Structures are given as C-alpha cells and as structure tokens.
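All remarks here apply to the structure that follows.
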Amino acid sequence: MRFRTVLAGICALFPVVLFPGFSASAKTPVTARHGMVVAQEPIAADVGLAVLKHGGNAVDAAVAVGFALAVTHPAAGNIGGGGFLLVRLANGKSYFVDFREAAPGKASRNMYIGPDGKPTKDSLFGWRASGVPGSVKGFAEAHEKWGTKKWAELLAPAVNLARNGFTVDKTLAGEIAGSTANLENDPESKRIFLRDGKPYKAGETFRQPELADTLGRIAANGARDFYEGETARKLAAAMAAHGGLITEADLKNYRAIDRKPLEGGYHGYEIITAPPPSAGGLGILQMLGILNGTGFESDGPNSVKAVHYTTEAMRRFYADRSEYLGDPTYYDVPVQQLLSPRYLAERRDSIDPARATPAAGIQPGRILSAAAHVNQRESSETTHFNIVDAQGNAVAVTYTLNNSFGSGVTVPGLGFLLNDEMDDFAAKPGSPNMFGLIGADANAIQPGKRPLSSMNPTIVTRGGKLFMAVGAPGGSRITTGVLQVILDAIDFHMNPQDAVDLPRFHDQWKPDILYLQKGFNPDVEAALVKMGYNIQPINDVARVEAIIARNGLLEGGTESRHNGKVVGY
Ligand code: DON
C-alpha cells in the first residue's frame, strides 16, 4: 500500500521515464484558484467565466454557456436538441438532469424502414428526423433548482451574440464548409448559415436576428415560450406543413427528468456518471469494473497490455449495450446485474491475456433473471463543457443535435436548427446507425421514448472531495474516450492536458476493428496485430475536456488537436 502511494507520487513527477508509452503534451494545463470553465468554443467559455466572476455559481454559468453555444457553435450547441447535465454540489450531493429528446407521439417502431425493408435516411436528415427538443427545459430546470442569478441575465449574452453578431473563426468556417450539402437542402438553413449560398469565411460577422428574437422571448417568458408559447406554435405549424411529427401536444408534454446519477468506486475514487438512457455511464462503470484487478496498468498508458485489456473491456461492454440498454422508462434495463461484481468477474475472466477475443466470440453476457463501418469522420456534432465554481460546485454538460448541424432543418422565423436524434434509436434490429451502433428491442422506437445515448458527463471524487469533471462529444467514441482520460488521471497520474492530448483507441465490438489514433508506438501496434487485432487508423476518439481539482488548484485541459478553451480566475 505504502509502496503504491510512493510509486504514484514518483509517477506523477516522472511519468515519461516510468511509462514509455507516454509523452507529455506540448501544452501545460491552465490553472486557477477560484473557478474554471472548459468549453469547445472560446466565446462561450468567456461568457461562463464572466458569470462566475460576477458571483454566479457553476449552474448559472452552465445556463449562460449552454445558450451562448446555441449561437456561437451552431453545429452542436443548440436549443433544438437535447442532452444531459450532471451537477455535484459543494455539499456533496449529486443530481442528473436528463433533457434528452423524446420520440414524438406519432413516432412508430418501423417509421424509418423503407419499402425495400432497409432503414432510410429519414432518421438523419429532414423534418422527420427530430425528437422533441429538451435543451431549453433542461437548462430551465437546473436554473430553477440551483441557479442564483436571474434567468434573463444569464441569457443576455446569447441574445446579444445572436443580435449583434460575432466574428466567424476558422473552426466555425470549416464546420459550415464541411456541412454545406446538409445545410443547402433546407431553404431556411441555406439562407441563415450560408452567405449568398457560400460558406461564411473566417473574419466575417455572423448575425442571427431570428434566433435573437427566439432567445429574447425565452429570456423574457422562460421555457414556457418554447413549449407552450409562440415558439411552440410556430415549430408545430412548420412541422405540420413539412411532414414532420412534432405537435404542440408533444412540446407541451415534454419533461426534463431528474434521475439518480450512477455511482461506483474505482481504485479509491468515486465515479459519478450518467444513468440510462445514457449507455455511456454504465459503460464507464462496467469497463472500470472489468479492468479492476487485471493489472492492465502495470506497463503504463498505451502499452500493449493496457490497450489489450482495455479493448477487451470495451468489446464486452458494447456487446451488452446492443442488447440490454435503452430508455429505462420503457425498458427494464438490468443496471444492477450488468454492474454486479460477480458478472464483472465473469466478463473479466473471459479475457485471454495473450490473444484478442474476436467480436464473433463475444456475445452480450448472460445475466441473472431478468457492423457496419464506423464513420471515421468526427467533427463537431456534439459538445461538452465543464464548470467548477469558487464554492466547489461542479457541473458537466454534454448536449447535441446529433449529426453536425442536426437534421439540417432550421425552423422558419425561429432561427434554430433541429436535431436528428431519432437516428440514435435502433431503426431496425441489428442494422447499424450513423455510429455503427446496433440495437434491438431495448432501443426500439416508441412514442415518448428517449433514444439511447453515448453521452456521459462524469464527475470523479476522492474521499468525498471533487477530483475531476470530464466529458466529450464523439458519438460511440464518447464512452471509450472518456474512459481513457479517467484512467490516465487515476492510474497514470496525468494532468488533464496530458490526459486529453494522449492518443486514444476505440473498439465497439462490431465491426471487429481496433481503431488507433495517430501517435501510437509502432512496436505496440505490431504486437497488437500479432495478438489478433484488426487495426485501423482513426482521426479522433472523442474530443475530451477535463478539469482536475488538487492541492487547492483547478487544472483544465482541452485537446490541442481542437479549438476549445480553458478559462479560470
Ligand atoms: O447521444 C449520442 O450518443 C449521440 N447523439 C452523440 C452524437 C455525437 O457525439 C456526435 N459527435 N461528435
């Protein structure tokens, strides 16, 4: 025990020497004493910092950042989508707000199966792709429970940014250019997000007057405007006119759901994470549980041993995900069985220390009682932010439109894009969705049901004290990406910047491919091939952001590969 503690201290000081698979990031983490915001778009991060500096708490700042991102990061920030907010208050209590989109009342199990029996593209593009949006309700609920500043004050920066505009940076210009085909299919999206039919260029000013009006009404009248007021009426009328499914009744009935976060222990830390309809939180706890006791960490991060055991844990989780996970209101998700020590031991024991278990050799586990090609392009389709305030409250939010710029549809006169979250359901048992994920009954479409998600905002504590807030966008790779950053922090003692910048890997059982990000040691790769892994390169494995609290300081990291920003004071 004592030796382990001493070793941990040495590793923290000299990780490069002890762990050959690790090289420190060129960047050092940003540090701050009082409060910190880490977000994937710099203007929104600054909005959050201003709220903290003016005495707002982490929830106030989260509301302001959430609405600001709906203006400055339209590919993912949104009021037409949904997500999850995890908060751990300084008093040690944790809460989870599920504001995931819900299937409209007119949705049906086979609604995306074409006459040829194959899934259509309607779950991804156009008016029929959207679930009932939850973001406005989610932020309103969090604000009502834990906020301290006036709602309208928190929305004011977003309204101003939409009304007066902001300067398009290279990232936004690239995102719009990459999604031109999606955006030009819809006349309103084309008019707003393209300038005379061409993508905005970096340096140009982007104003969104219709969105400013919508946000202004939400600021003045609260979430009611979106779900029962002018916004609701216009949205439902546009849906009816274009063959969409969402009605005024769907909007009026939409609820953000308070759920109990999933919690588990790992190597002396407490992990607080997302419950179903997130598959991700259960995945994190299951994979940690399988890894625990394997000694996977002994050769350091990204060593053959670490990659092998972690990949095998990933494969087993994704097999279970395909069978057992869905919206718990509609399907009895066997959370306890899937996390029971006995079950985890069985899954762990099925790992061959020397060989890859092929995907075909892994099935969803037998519990008591009760390939698609992975889309290699990963852009900015979801977004995550972490906030810690001076009192020690921590918030982690992941929210999304699903695809980049969602369904590509902007509601005329309202200025915001709609989600294509219906694609996260299993449109047909065994047929892969956009992320290559398969599912069956547990995640079949039903009116009111919420599609299964990979998003997993997570907070880690130690001895009852905040240690880490972490999360990411990245589709099916969110869960594996966040897992690795947690392991890097806990087992390999990395600071958050090194942890998020370290190359990552991803395996989701089917297809039978282990994806490696650039930067792996070629000898490690060769050894993994020898063990039976089918390896392919990949650009991104999620885009992880983290804050770590230790020794009275906050340290923040956002990937050097991308455009996020860490700010603190
Ligand atoms: O909820 C989910 O799992 C997906 N809709 C997330 C999509 C996503 O992360 C796209 N990202 N880059």
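The values are calculated or read from the model by the stated rules, or taken from the named source; none is laboratory data. The model shown is predicted, which means the values in this text are computed figures rather than measured ones. Please note: Cβ atoms are built from the backbone with ideal geometry, for glycine as well, and neighbour counts cover all protein chains shown.
For segment 421-467, give me each residue that is away from the ligand (no atom under 16 Å from the Cβ), surrounded by 19 or more Cβ atoms within 10 Å (Cβ to Cβ) and not in a loop (DSSP other than H, G, I, E, B). Scanning segment 421-467 gives ILE459, VAL460, THR461, LEU466, PHE467. Consider segment 379-401 and keep the residues that are in contact with a His (Cβ under 8 Å, 6 or more places away or on another chain) and assigned to a loop (DSSP other than H, G, I, E, B). The one that is farthest from the ligand (Cβ to nearest atom) is ALA390.
For (1) surrounded by 21 or more Cβ atoms within 10 Å (Cβ to Cβ); (2) of a type in the set (Asp, Glu); (3) in a helix (DSSP H, G or I), each residue gets a yes or a no:
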{"site": "PHE96", "(1), (2), (3)": "yes, no, no"}
{"site": "ASN110", "(1), (2), (3)": "no, no, no"}
{"site": "ASP116", "(1), (2), (3)": "no, yes, no"}
{"site": "ASP122", "(1), (2), (3)": "no, yes, yes"}
{"site": "LYS137", "(1), (2), (3)": "yes, no, yes"}
{"site": "ALA142", "(1), (2), (3)": "yes, no, yes"}
{"site": "LYS149", "(1), (2), (3)": "no, no, no"}
{"site": "ALA152", "(1), (2), (3)": "no, no, yes"}
{"site": "LEU155", "(1), (2), (3)": "yes, no, yes"}
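Which of the residues that make up segment 403-420 are farther than 13 Å from LEU245 by Cβ, away from the ligand (no atom under 12 Å from the Cβ), within 22 Å of the chain's Cα centre (by Cα) and assigned to a loop (DSSP other than H, G, I, E, B)? Of everything in segment 403-420, those that are farther than 13 Å from LEU245 by Cβ, away from the ligand (no atom under 12 Å from the Cβ), within 22 Å of the chain's Cα centre (by Cα) and assigned to a loop (DSSP other than H, G, I, E, B) turn out to be GLY408, PHE416. For segment 50-71, how many residues meet the condition of being surrounded by fewer than 24 Cβ atoms within 10 Å (Cβ to Cβ) and in a helix (DSSP H, G or I)? Counting residues in segment 50-71 that are surrounded by fewer than 24 Cβ atoms within 10 Å (Cβ to Cβ) and in a helix (DSSP H, G or I) gives 2.
Let's see how each residue does on (1) closer than 27 Å to ASN433 by Cβ; (2) charged (D, E, K, R); (3) assigned to a loop (DSSP other than H, G, I, E, B); (4) at pLDDT 95 or above:
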site	(1), (2), (3), (4)
LEU282	yes, no, no, yes
LEU285	yes, no, no, yes
ILE290	yes, no, no, yes
SER298	no, no, yes, yes
TYR318	yes, no, no, yes
ARG321	yes, yes, no, yes
TYR331	yes, no, yes, yes
ILE351	no, no, yes, yes
ARG355	no, yes, yes, yes
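Residues in segment 238-262 that are small (Gly, Ala, Ser) and closer than 18 Å to ALA103 by Cα: ALA238, ALA240, GLY243, GLY244, ALA249, ALA256. Take GLY244 and tell me if it is within 16 Å of the ligand (Cβ to nearest atom) and outside any strand (DSSP E or B). When the stated conditions are applied, GLY244 does not pass them.
Listed by position, the strands (runs of 3 or more DSSP E) enclosed by segment 468-569 that each have at least 1 residues that are within 16 Å of the ligand (Cβ to nearest atom), among the acidic types (Asp, Glu) and surrounded by 24 or more Cβ atoms within 10 Å (Cβ to Cβ) are 545-550. Does LEU339 satisfy the criteria of being touching a Leu at 6+ places or on another chain (Cβ under 6 Å), surrounded by fewer than 17 Cβ atoms within 10 Å (Cβ to Cβ) and on the phi < 0 side of the Ramachandran plot? So LEU339 passes the test.
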